[in-house]
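Heads up: the structure comes next, in structure tokens.
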Amino acid sequence: MRFFYPYFLLLIPILLGGLYYKKKKKFDGSSGIIYSCINIFSNPKFPYGKKITDGLKVAAVILTIIALARPQGGEESSDFTKKGIDIILCIDTSTSMRAEDFKPQNRLSAAKEVVKKFIKARLDDRIGVVVFSAVAFTQCPLTTDYGSLLDFIDKIEIGMTQTDGTAIGTAIITSVNRLKDSTGKSKIIILLTDGRNNMGDVDPVTASKAASAFGIKIYTVGAAGIGASPYPVDDPIFGKRYVWMKEDLDEPTLLQIAKETDGLYFRAKSKDALEEIYKKINEMEKTEYKTEEYADFNELYFWFLIPAVLLLIVSLFLRNFVFRTVP
């Protein structure tokens, strides 16, 4: 039940407060005429008659106030139409992702941490993962089970495809195959790499044109610092040591891939920059919700107004014919 004019209900505490104040003032002994005996004014058969009739009148007034507030019964419902986004997170796992220019982590560890935050910020979107180096495969198909998805992200490792290299074109085609038949409101690929296409039989720009034909947008992220980066090497004699690996990021190609699909290219030179990029993509690609509200209410005021009238009639009848008092 709801009240269409709920502010009328404020009259109830005002009424009760006024009655309490009046009663208190009446019995504080500060005014009134003192009689030696009031028995001649009382009705010995009904000593509480006036209290009963006054109580009925107060109840009638309260019910009338509730009726003025227009109580309504029924139900209110909403229908949500959710049109989610289908997203493939395409992540480079080539050995160059070991470079430690995203201190204190290497590139892949930083990317995994940022991607997990991105997943946790999404609602009702289907998200999948494709990993690649010289070859590409689906690590996790499109799913809304974010718990399982995060577990798959944790299991991503450098060299997990068994063959080193960077096949960006193959990675895009693998991602497109996962999205082309999906029914999402929109379809996007977020491609993260630190190198250039040097493996595979598919040119990255050609692959991006195929993505565009299926209405798939690609955001490309170049994850590499400026200039040479420290790269760990396990030396059998001296143990772990670092060598300097030159920058090999093919920004023009990544920019062209994004442009072909109406996407954007981002350059991440640090972990903080990488995190900001995924936040920006998250804000740009929002799931839309359409809400339709339905209301079906019936007026219930008469269930309070009719008893109020009856109580008032009963009060007048009792006062004038049963609990008669001396004026």
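Taken together, the values in this text are just the output of simple stated rules run on the coordinates, not laboratory data. Note that the structure is predicted; figures quoted are calculated from it, not measured. Positions of Cβ are generated from backbone atoms using ideal geometry, with glycine treated the same way; all protein chains shown enter the neighbour counts.
So, R0 is 51 Å and r is the distance between the beta-carbons of T95 and L123; what FRET efficiency does that work out to, to 0.05?
Computed FRET efficiency for T95 and L123 comes out at 0.90.
Of K112/K259; K120/K259; K180/K269; K103/K180; K246/K286; K120/K240, which sit over 30 Å apart, Cα to Cα?
Exceeds cut-off: K180/K269; K103/K180; K246/K286; K120/K240.
How would you order 94-107, 163-176 from highest to lowest mean count of nearby Cβ atoms within 10 Å?
Going from most to least packed, we get 163-176, 94-107.
When the chain is fully extended, how far beyond the present Cα-Cα distance does D201 get from L11, taking 0.36 nm per residue of separation?
60.3 nm
Over the range 183-280, consider all pairs of different Cα atoms and compute the Kirkwood hydrodynamic radius from their mean reciprocal separation; express it in Å, one decimal.
The answer is 15.1 Å.
For the range 112-207, what are the per-bin percents of Cα-Cα distances with bins 10 Å wide, up to the bin holding the maximum?
In whole percents, the pair-distance histogram is 15, 48, 32, 5.
Let's test the formula: R0 of 25 Å, r as the Cβ-Cβ distance of V233 and E113. What FRET efficiency results, to the nearest 0.05?
E(calc), rounded to 0.05, equals 0.55.
Would you kindly state how much longer the chain becomes between F3 and S148 on full extension, computed as 0.36 nm times their sequence separation minus their alpha carbon distance, in nm to one decimal?
Between F3 and S148, full extension yields an extra 47.6 nm.
With the dipole of the chain worked out from charges on the C-beta (+1 for Lys and Arg, -1 for Asp and Glu) around the Cα centre, which of I257, I216, A67 lies farthest toward the positive end?
Toward the positive end, the furthest listed residue is A67.
If each Cα of the range 187-236 is one equal point scatterer, what is log10 of I(q)/I(0) from the Debye formula at q = 0.16, 0.17, 0.20, 0.30 Å⁻¹?
With no solvent term, the Cα-only Debye profile gives -0.64, -0.69, -0.83, -1.20.
Work out the charge dipole of the chain with +1 on the Cβ of Lys and Arg and -1 on the Cβ of Asp and Glu about the Cα centre, then indicate which of L316, I306, L142 is farthest towards its positive end.
Among L316, I306, L142, the one farthest towards the positive end of the dipole of the chain is L316.
Suppose every K and R has +1 on its Cβ and every D and E has -1 on its Cβ; what is the size of the dipole of the chain about the Cα centre, in Debye to the nearest 20?
2840 debye
Hey, any idea what the orientation-averaged projected area of the convex hull of the range 55-177's Cα atoms comes to, in nm²?
It is 14.1 nm².
Quick check: residue separation of I226 and K280 times 0.36 nm, minus the Cα distance between them. What number comes out in nm?
This chain segment gains 17.3 nm when fully extended.
Counting every Cα pair in the range 85-286, what percent are over 25 Å apart?
Every Cα pair in the range 85-286 considered, those over 25 Å come to 30 percent.
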